[in-house]
Amino acid sequence: MEIKYLIKGGKKLKGEIEIEGAKNAALPILASTILLNEKVILENIPDVEDVNTMLSLLETLGARIKKIDENRFEVDPEGINSWEAPYEAVRKMRASIYVLGPLLARFGKAKVAFPGGCSFGPRPINYHIEGLAKMGAEIEIDKGFIIAKCKKLKGEELYFDQKSVGATAHLAMASIFAKGKTVILNASKEPEVVDLLNFLKKCGAKIKGEGEDIVEIEGVKKLSPPLKYKIIDDRIEAGTFLVAARMTKGEIKIKSKCGKYLENVIEKLKESGAEIEVQKESIYLNGKNDILPLKIETAPYPGFPTDLQPQFVSMLSIAKGTSIINEGIYPERFGYTGELMRMGANIKVEKGICIIEGIKKLKGTHLIAPDIRAGAALVIAALSAEGESIVEGIEHIKRGYKNFHEKLKKLGANINLINVSRETLSNF
C-alpha cells in the first residue's frame, strides 16, 4: 500500500503561506560544491525529495553534510574522494547529470549513471555530452553509465540550438577550471541559472553575462566560497499556489520576493480576471471573479514557464470559454490531461497545442500523478471539483514541493493523507 491524498473539493483557499527555496537553483548549487575544498553554509535549501537525493549523493561522494536547521546546511566538500555517482544514488533524479562536469573538473574523470526523474517526453542530454566533448573530454556510454575523461578541459565556444537550463548550468560548472575562456551562446536566462552563476562568482569564478544570451567564463585555478549563500525563492511553487487560489476562487497572500520572476504568470492571472497586487516581499491574489479563457505559449525565461503549464490547464478547464495553450518547450507535456478528462474536462491535444473548452464543474475521481507539476495540477483540480478525489503517485509531488498538503490545509483545503490499497481504489 502507498500513501495517497484524499481531497474533498469545493473549499476556497484563503490565508498566507511562505515559499520555500528554489529546488531548481538548489540542485546545481549543491552540485557545484564539488568544485570547492572549503566549507560553505547554504541557506533557504528546500526540504524536498530531489534535494535530499542530491545531498545523499554528495555524501556518497565523500562530502560531509551538516544540517544546521530546517533550511540551512553546511556542506564540507574537502573529503570528496570518489569520481563515480552510482545508479542507486541518481536513479530518482534527472539533475544528477549536474555532478558529471564538476567531478570531471575535480578529478579529470567521472562516471555517472544515466539520470532518472520526470517522464513527460524527451529531454535529451546531448547538449551536455557534446559540450564536454568539445571542451576536450573523451566520452563513453557503457551499460547505463556516462564515463568522461580529460586531464584538463579547455575553454570553447558552445552553442545550443534551443535554450537549455540544464546544459547552461552544467557546462558553466564544468568550465570553471578550464584552460582559457568558455563562451556559452544562446544561454538560459532562467533565474535559477543566474542564481548558480552568482554563487560561483561569490566563490571567485570569473563570469560575465549572467541573465543574458551570451555567458563568458574565464577559467580559474581555485574557488574559495563565501561563509554563506542564500538561494532564491521558488517561483514555481509560488505560481502553483496562486493558481490554486485562483481556481478555487479564493484569496491568498504569498510571502516571498519572487514576484519579479513571475511577471508573465501574474499578467496571465490578471487576464483571467484575478485581482493581484505585487509588493517587494509579497504577492496578494483575490480570485473571486469568474475565470476568463486565456491564450498561452510556454517559452524560456522571461517567457511563460513550462513548469506552470499543467496548473494553468487545470484552472482553464473551468474557464468561461475556450483557452489555447501552445507548449513551446516540451510538446509532449500534455500526457496528464487524460486524468483531467476523467474529471469531465473538455480538452483536445494535438502537436503540442492544447485546446480547452471550459465547463462549469469538474467531478472528483481517482487520479494518478505522473510527475511533479502535473501532480500538483491534479491536486488543484481536485480542490475545485465537486465531490471526493483520491490522488496517488504523490511521491512525484514530494520531489518538488515541501509539505504540499499541509500548506493547502493551512489555507483551508480539505485534504488528508490516506493509506489504501489499489484493490480498494478499484471501487472508488
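We did not get these values from a lab; they are worked out from the coordinates using the rules stated. All figures in this text were calculated on a predicted structure; none of them were measured in a lab. Cβ placement follows ideal geometry from the backbone for every residue including glycine, while neighbour counts extend to all protein chains displayed.
Couple of notes before you dig in:
- Gained length - Glu88 relative to Lys149, 0.36 nm times residue gap less alpha-carbon distance: 19.7 nm
- The phi-based Karplus calculation (6.51 cos²θ - 1.76 cosθ + 1.60; θ = phi - 60°) puts the 3J(HN,Hα) values of region 135-143 at 7, x, 7, 8, 10, 9, 9, 9, 6 Hz, whole numbers, x for Gly and Pro.
- Fraction of antiparallel bridges per DSSP, region 343-428 only, in percent to nearest 5: 55
- Listed residue (Ala85, Ile176, Gly144) projecting farthest to the positive dipole end of region 23-230, Cβ model: Ile176
- Cut-off 15 Å between beta-carbons: net charge of the residues surrounding Glu84, Lys and Arg +1, Asp and Glu -1: +2
- Potential extension, Lys363-Lys109 segment - 0.36 nm per residue separation minus Cα distance: 86.1 nm
- Global geometry of region 13-55, whether rounded, prolate or oblate, following the gyration tensor of its Cα atoms and the 1.5 cut on a/c: prolate
- For the chain, the C-alpha radius of gyration divided by 2.2 N^0.38 Å, with N the number of residues, is 0.99.
- Per residue of the chain, the DSSP helices (runs of n ≥ 4 H) give a summed -39500 (n - 2.57) that works out to -8500 deg cm²/dmol at 222 nm.
- Pairs of Lys in region 265-402 closer than 19 Å at Cα, counting only those 8 or more apart or on different chains: 20
- Separation between Cα centres of region 364-391 and region 224-263, rounded to whole Å: 22
- Relative to one another, the C-alpha centroids of region 13-81 and region 129-201 are positioned 21 Å apart.
- DSSP finds beta bridges in the chain, and of those with both partners inside it, around 70 percent are antiparallel.
- Within the chain, the longest run free of exposed loop sites, counting trypsin sites (Lys or Arg not before Pro) that sit outside DSSP helix and strand states (H, G, I, E, B) and have at most 10 other Cβ atoms within 10 Å, spans 1-142.
- Here region 23-230 carries DSSP beta bridges of which approximately 75% are antiparallel, counting only pairs with both residues inside.
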